[in-house]
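Asks: Mind looking over this structure? Questions follow.
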């Protein structure tokens, strides 16, 4: 698995598809997972996506094979935004297409708004940060950011509504690697950051001008389509908004339906 050395440590990523030197290549496609998660979360869709695109699926710091942050107990969402920005610049990638889930979607949207020269198109899968924090959501983030948090496995069981080979593998990683003490510390730190102004996207997203596809799960209990999805579609009015019959991770739960929306969208950007 290749890696790139950043100021935050080594970030690993999988790479499939045409080489960067292939003539007439479409834009590279970067895949960003949720918290918790890793690059393998996209296993169901990478084979199809990589037939046309150079696909780079990233392990966020502290997950998969990437190095843990020096102070995992204090990182927040902006840290991951900075990691993504540095990752793209270090690899000297041309403007990329990004598919980001949850945390990955928030970070991708933030980058597209603030550094549009780096991003050519966005697919945001159940991205967080589009609705006003309420007393309930702040309290939940506080609990998830504490020693009383649900385990990664218990939480993933709640938001993965469809059982597939990929979601079963995701649950197994949540039960094992993502439950280790440093990963739990990192997970909790991110949950604490989700309740801060750094997480909010509504104003930032108004600056997104590139092609954008919003994918939300009809049965997602964490970032509901009926609230977060509708707000996101108003914040990015030119975006295509689609609700799929699944939970939080459509690429793993309903990969065929996911690809049916994503592939034509990506093809249109390349036309």
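The values are calculated or read from the model by the stated rules, or taken from the named source; none is laboratory data. What you see is a predicted model; the values in this text were computed from it and never measured. Ideal geometry is used to build each Cβ from the backbone, glycine not excepted, and the neighbour counts take in all protein chains shown.
Asks: Taking residue 104 as the residue in question, decide whether it is out of contact with any helix residue (DSSP H, G or I) (no Cβ under 7 Å at 6 or more places or on another chain), under 18 Å from residue 62 (Cα atoms) and surrounded by 14 or more Cβ atoms within 10 Å (Cβ to Cβ).
Replies: On the way: out of contact with any helix residue (DSSP H, G or I) (no Cβ under 7 Å at 6 or more places or on another chain): yes; under 18 Å from residue 62 (Cα atoms): yes; surrounded by 14 or more Cβ atoms within 10 Å (Cβ to Cβ): yes.
Answer is yes for this residue.
Asks: Just to be sure I understand, how many residues within segment 33-51 are more than 19 Å from residue 158 (Cα to Cα), assigned to a loop (DSSP other than H, G, I, E, B) and in contact (Cβ under 8 Å) with a residue 60 or more places away in the chain?
Replies: 3
Asks: Out of all the residues in segment 66-77, is one or more outside any loop (DSSP other than H, G, I, E, B) and surrounded by 24 or more Cβ atoms within 10 Å (Cβ to Cβ)?
Replies: Of all residues in segment 66-77, those outside any loop (DSSP other than H, G, I, E, B) come to 72-74, 77.
Remaining after also requiring surrounded by 24 or more Cβ atoms within 10 Å (Cβ to Cβ): none.
Taking every residue of segment 66-77 in turn, none turns out to be outside any loop (DSSP other than H, G, I, E, B) and surrounded by 24 or more Cβ atoms within 10 Å (Cβ to Cβ).
Asks: Which condition breaks for residue 61 when tested against (1) within 22 Å of residue 119 (Cβ to Cβ); (2) part of a loop (DSSP other than H, G, I, E, B); (3) at pLDDT below 95?
Replies: Condition (3) is where residue 61 drops out.
Asks: Answer with yes or no whether residue 124 is in contact with a strand residue (DSSP E or B) (Cβ under 7 Å, 6 or more places away or on another chain), closer than 21 Å to residue 263 by Cβ and buried (at least 20 other Cβ atoms within 10 Å of the Cβ). Let's see the steps before the verdict.
Replies: Details: in contact with a strand residue (DSSP E or B) (Cβ under 7 Å, 6 or more places away or on another chain): yes; closer than 21 Å to residue 263 by Cβ: yes; buried (at least 20 other Cβ atoms within 10 Å of the Cβ): yes.
Criteria met by residue 124.
Asks: Among helices (runs of 4 or more DSSP H) lying entirely in segment 169-271, which contain 2 or more residues that are under 22 Å from residue 39 (Cβ atoms)? Outline the logic, then answer.
Replies: On the way: elements: 181-194, 202-205, 230-235, 250-253, 255-270.
So the answer is 181-194, 250-253, 255-270.
Asks: Another one. Quick check: anything in segment 90-112 at pLDDT 95 or above, more than 24 Å from residue 268 (Cα to Cα), more than 12 Å from the chain's Cα centre (by Cα) and outside any loop (DSSP other than H, G, I, E, B)?
Replies: Within segment 90-112, one or more residues are at pLDDT 95 or above, more than 24 Å from residue 268 (Cα to Cα), more than 12 Å from the chain's Cα centre (by Cα) and outside any loop (DSSP other than H, G, I, E, B).
Asks: I would also like to ask the following. May I ask you to list the residues in segment 159-181 that are more than 24 Å from residue 46 (Cα to Cα) and surrounded by fewer than 13 Cβ atoms within 10 Å (Cβ to Cβ)? So that I can check it myself, show each step before the final result.
Replies: Going residue by residue through segment 159-181, those that are more than 24 Å from residue 46 (Cα to Cα) are 179-181.
Answer for segment 159-181, where residues must be more than 24 Å from residue 46 (Cα to Cα) and surrounded by fewer than 13 Cβ atoms within 10 Å (Cβ to Cβ): just 181.
Asks: Also: Condition first: closer than 15 Å to residue 101 by Cβ, outside any strand (DSSP E or B) and modelled with pLDDT of 95 or more. Can you find one or more residues in segment 141-158 that meet it?
Replies: no
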